[in-house]
Structures are given as C-alpha cells and as structure tokens.
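Encoded as structure tokens, the structure appears first; notes follow it.
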Amino acid sequence: MRNRSRRGWRRVFNGVNLATLLVVLFIIIPLYWMIATAFKTRANSGVSPPQYYPHPLSVQNFRDAFSEATFGRYILNSVIVAVVATALVLVLGTLAGYALGRLPMRGSFTILVILLMISVFPPIAVVVPLYALLRDIGWLNSYQALIIPYTAFFLPFAIWILRNYFMAIPREMEESARIDGASPIRTIWSIILPQAWPGLFTAGIFTFTACWTEFLMALSFNVANDFRTIPVGVALFGGQFVTPYGTIFAASVVAVVPIAILVFIFRRSVVSGLTAGAVKG
C-alpha cells in the first residue's frame, strides 16, 4: 500500500512539474522571440524560414524606434500617466483600506461587494459613456483623460489588498499610539504604513503595470500623437503595406524593461504582500 501511495504521489508530482514546465515555456518562448527579433538586422527580421537567433547582432531596430517614430514621447506619456495614477491609487487606497479594515463602519460588507464588482467589470462596457463624458468636459487628448479612469478602475483592487493587509497588523500597536495622543493620520503614517510596506508595494506594482500596459482606453481617449502611450504607439508603428517587426519588437523590449526591473527589485515584497495580505481577512 505504501509503495502504491508513493507511486501515486510521484505521478502527481511529475504531472505538476510537467504542467509548470509547459507554462514556463509558454511564457519564455514569446519573450525570447521578441528579444531575439529586436536584435536582428532589418533584413533578417521577417525572413522565411525564420532566423532563431540574432546573427549578426544589431541595435538598428532600437535606433529606428527612437528616431523614425516619436517613441520617446510615448515613454514620457506612459511614465506620467502610470506614476500619477499609481500615486493616487495608493493614497486613496490606503485611506479607504484603513477605514474598511480598522475602523467600525456600517455597510462595510456592502462596500466591499461593490468594490469587487467594479474590479471585475469589463472596461469595454464603459468606454463609450466615458468617451462622451470626457468629450463634453473637454478632457479628450489629455493626461487626465487616462489618469482619472485608471485610478477609478484600479483602485478597488488596491483597496482589497491594503484592507486585508491592514487587518493582519496587530491592533495593540495602534492602540498604543492612540494612548500616546497620536492622531489617526499620524497613526497611519508612523505605525500602520511601516508595517504595510509589502502590501503597498504589491498594490503599487500591480497598478503601475496595469496602467503601463492598458490599451483600450488609451486608444479611445487620446488619439493625438502627443498624448499616446506606449501600447498605442507601438501598435501604430508601420504603414499600410510595411510592418517593421524589428522596430515593433525593439520598442516592446524597451517597454517591458521597467516592469521587469520593478518586479525583480521588489519580488520579495510582492510575494510577501500577496501571501500575507491578500489571503487574510
């Protein structure tokens, strides 16, 4: 019986390893192809049969991305929109998450259900009404046309993460600060936030990534070239009869680098925030 049980567990373990390997390959192969194509010469980017590794190595595609198109402007627009929206989400999410997780409040469960419904609501369902609203108030082709909707759409997820993380912090620390005469804002700043850094990193990185890669609203609300973000700008590279795959992949590599750096630097904080905060409460 023990031998059969061990064999059964080994089969399950091997099956899990095989599934994990397939998922990793499914993710890594497109990334490798994108990076390899970005460093190919223009003549080798779209040849058939395909060249599986860049030979010779070339950075001409990166030069074309920054010279032939206003890619630098797209990067600046994405940085402004993502940073401002992430800052607003963290500030509002911290206050709302603290109120829902630490303060006695009537109707908190209803609020959480509404936030959950908003977080899973498809953005495409509200693009047309939002477009009409932004047009009427004169906000089309502006930074706030993306910052405000991004803040509204990504705030519920941040509130859930931070609320659950705040609930995991011992209340004795907060009570001690109150006894010492600290105000609620002072308590949040000096006691709660230092303990909630992993949750803040998690909410911030997920929000920044979502803002950085969002396409539908950026394409709909900002049609002027001066306010396009990276996803829209990269999608519009090329012309009617020519698709510069090398330039597109080079721009995509540049767009992925900030996200990869953030995840690599704060990987422990993200994992800690997800495991310690998102699964409690």
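The values are calculated or read from the model by the stated rules, or taken from the named source; none is laboratory data. Just so we're clear, the structure is a prediction, and the values are computed from it rather than from any experiment. As a convention, Cβ positions derive from the backbone with ideal geometry for all residues, glycine included, and neighbour counts pool all protein chains shown. Please note that ligands, DNA and RNA were not included when accessible areas were found on the heavy atoms of the full protein model with its side chains. Shrake-Rupley method; radii C 1.70, N 1.55, O 1.52, S 1.80 Å.
Observations on the model:
- Using Cβ point charges alone (K and R +1, D and E -1), the dipole size of the range 137-251 about the Cα centre works out to roughly 100 debye.
- Pairwise label distance in nanometres, residue 226 with residue 121, each label 7 Å out on the Cα-Cβ vector: 3.2 nm
- Taken per residue, the accessible surface of the range 75-179 reaches 53 Å², heavy atoms only and a 1.4 Å probe.
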